[in-house]
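The values are calculated or read from the model by the stated rules, or taken from the named source; none is laboratory data. Here the structure is a predicted model, which means the values were calculated and not measured. Glycine also receives a Cβ, built like all others from the backbone with ideal geometry; neighbour counts cover every protein chain displayed. Only protein heavy atoms, including side chains, enter the accessible area calculation; ligands, DNA and RNA are left aside. Shrake-Rupley method; radii C 1.70, N 1.55, O 1.52, S 1.80 Å.
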Amino acid sequence: MSNIVVLVKQVPDTYSERKLREDDFRLDRDSADAVLDEINENAVEAALQLKEADSSRNVIVLSVGPTRATEALRKALSLGCDEAILVTDEALEGSDVLGTAWTLSNALNQIEDIELIIAGNASTDGVAGAIPGLLAEYRQIPALTHMEELAVEGGTVTGKRVTEEGIFGLEAPTPAIVSVTEKSNTPRFAVFKGIMAAKKKEIKELSLSDIGVDPANVGGGNATSSVAGVTPKPPKSAGEKITDEGDGGKKLVEFLAKEKLI
């Protein structure tokens, strides 16, 4: 049986007011409701569709975060994933993308027969979009990013990436890591049976020592990037009103040109 691993993250709800901490300007994760990141639902759906195409596949969701991140993992399990793993350790607090990717890579070493790793193209809190590429480098495997279509057959993963320059068909041998966009599929809803089954499934919790990660390589104190300051978003200003006195079209074009919209 091959394993498809889906990387998921618990993030502050986009429909809640997000705040920054005053000391280091990091996101205050306790100031808003915590949910499974929306883009992760697309990643889970992609994995579940691959499992439906080949029932010998097993879908494992993996996350790095505080203990409360089990809530996000339960959501993924309720959608139909088979297993869940959470790497949680106080030393991880404040980790940047390098520390998080290093932790994930070592956690992946605990899973056998990985056929594919699936992630969202970028989280809604950090929006760095760097984890798939970093994991590909750490693990020396191919990365197919920003995919809108995905298939795996005969040891090869194929798919389609849509950009402003055109549509690109990509393929790579497995194991590989893939990131998907919100246009890749329509995530399913959790049904009552799935929700009840998820409550009974075990979430395996691992510490840094369990996966062989030195705390000196992770955490806020070892982060390679930080926020030096923030500026509040300026309040919305009133729009510019144009009175049409026979030259409204001209004024509109001049306004659009001034705003560099044309």
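Within the stretch 174-185, can you find the residues that are modelled with pLDDT of 95 or more and either among the acidic types (Asp, Glu) or part of a strand (DSSP E or B) (or both)?
Ala176, Ile177, Val178, Ser179, Val180
Considering every residue within the stretch 243-256, establish whether at least one is on the phi > 0 side of the Ramachandran plot and surrounded by fewer than 10 Cβ atoms within 10 Å (Cβ to Cβ).
Looking through the stretch 243-256, at least one residue is on the phi > 0 side of the Ramachandran plot and surrounded by fewer than 10 Cβ atoms within 10 Å (Cβ to Cβ).
Which of (1) closer than 17 Å to Gly219 by Cβ; (2) of a type outside the set (Phe, Trp, Tyr); (3) crowded, with 18+ Cβ neighbours inside 10 Å is the odd one out, the single condition Asn3 does not satisfy?
(1)
For the stretch 90-173, list the strands (runs of 3 or more DSSP E) that sit wholly inside it and hold at least 3 residues that are over 25 Å from Thr224 (Cβ atoms); which are they?
Qualifying strands (runs of 3 or more DSSP E): 114-120, 149-153, 156-163, 166-173.
Just checking, does the stretch 211-231 include any residue being among the aliphatic types (A, V, I, L, M) and farther than 30 Å from Asp89 by Cβ?
No; the residues of the stretch 211-231 include none that is among the aliphatic types (A, V, I, L, M) and farther than 30 Å from Asp89 by Cβ.
Val35 - would you say it is outside any loop (DSSP other than H, G, I, E, B) and at pLDDT below 95?
Yes.
For Leu144, all conditions in the list (1) modelled with pLDDT under 95; (2) under 30 Å from Ile167 (Cβ atoms); (3) buried (at least 18 other Cβ atoms within 10 Å of the Cβ) hold save one; what is the number of the exception?
Among (1) modelled with pLDDT under 95; (2) under 30 Å from Ile167 (Cβ atoms); (3) buried (at least 18 other Cβ atoms within 10 Å of the Cβ), Leu144 violates only (1).
Collect the residues in the stretch 103-133 that are among the aliphatic types (A, V, I, L, M) and open to solvent by less than 40 Å² (accessible area, probe 1.4 Å), keeping them in residue-number order.
Once the filter is applied, which keeps residues that are among the aliphatic types (A, V, I, L, M) and open to solvent by less than 40 Å² (accessible area, probe 1.4 Å), the stretch 103-133 yields Leu104, Ala107, Leu108, Ile111, Ile114, Leu116, Ile117, Ile118, Ala119, Ala122, Ala130, Ile131.
Going through the stretch 40-84 one residue at a time, which ones are open to solvent by less than 20 Å² (accessible area, probe 1.4 Å), assigned to a strand (DSSP E or B) and aliphatic (A, V, I, L, M)?
The answer is Val59, Ile60, Val61, Leu62, Ala84.
Consider only pairs whose beta carbons are under 6 Å apart and that are at least six residues apart or on different chains; among these, list those whose first residue lies in the stretch 23-36 and is touching a residue at least 24 places away in the same chain (Cβ under 8 Å) and whose second residue is open to solvent by 40 Å² or more (accessible area, probe 1.4 Å).
That search, which allows pairs on different chains as well, returns Phe25/Val227; Phe25/Val230; Leu36/Lys75.
Would you confirm whether or not the stretch 17-31 contains a residue that is in contact with a Leu (Cβ under 7 Å, 6 or more places away or on another chain) and closer than 20 Å to Leu135 by Cβ?
no
Could you list all residues from the stretch 92-139 that are in contact with a Gly (Cβ under 8 Å, 6 or more places away or on another chain), farther than 19 Å from Gly212 by Cα and among the hydrophobic types (A, V, I, L, M, F, W, C)?
The one that is in contact with a Gly (Cβ under 8 Å, 6 or more places away or on another chain), farther than 19 Å from Gly212 by Cα and among the hydrophobic types (A, V, I, L, M, F, W, C): Ala122.
Out of the stretch 164-216, which residues are among the acidic types (Asp, Glu) and open to solvent by less than 20 Å² (accessible area, probe 1.4 Å)?
Result: no residue meets the conditions.
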